[in-house]
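Q: Before I ask anything, let me first share the structure, which is written out below as structure tokens.
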Amino acid sequence: ADAMRIASGNANQAYGSWMDRLGQYINPELSATSGMANTLSQAGQNKANIASSTGGLLGNFASRYGSESAGLQTGLADRLAGVYTGGAGQNVNLASNLAQPYANTYQQEAQGQTQGSQNLWNMIGGLAKLGVGTYSQNKSAWG
């Protein structure tokens, strides 16, 4: 039993020494692996931050582009509306300016025709009176 204890103790001691000697090789590899993992993790976070910033900037650019485009279209529409409104106003003014002389001309023509008709009827009435007067004066001579 003592021999087994001594052998077992020696074996445990030899195993412990062997593990201690291996430890000097494991720690540098573990440190290197851990450092590489940290470096890769930081690189991944940096890439994610860059992608997030880029997305935010592109979103802002697209938003500003949309707003500016809408502003330009609104300005264009306002200007075109002004042009059409001004053109319509000018057409109305032109039509009014042309219509008034035509209306005056037709009114003068109507007045002239009315006066001519009145003159004709006055002449017919005058001739009728002249004829009646002449007949009345000369009735005995004609008859």
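Where a number appears in this text, it was derived from the coordinates with a stated rule and is not lab data. All values derive from a computational prediction rather than experimental measurement. Note: ideal-geometry Cβ built from the backbone for every residue, glycine included; neighbour counts use all protein chains shown.
Q: Quick one: which of GLY44, GLY59 is small (Gly, Ala, Ser) and within 36 Å of the chain's Cα centre (by Cα)?
A: None of the other options fit; the residue is GLY59.
Q: Separate question: Would you confirm whether or not the range 87-107 contains a residue that is free of Cβ contacts under 8 Å to residues at least 24 places away in the same chain and not in a helix (DSSP H, G or I)?
A: no
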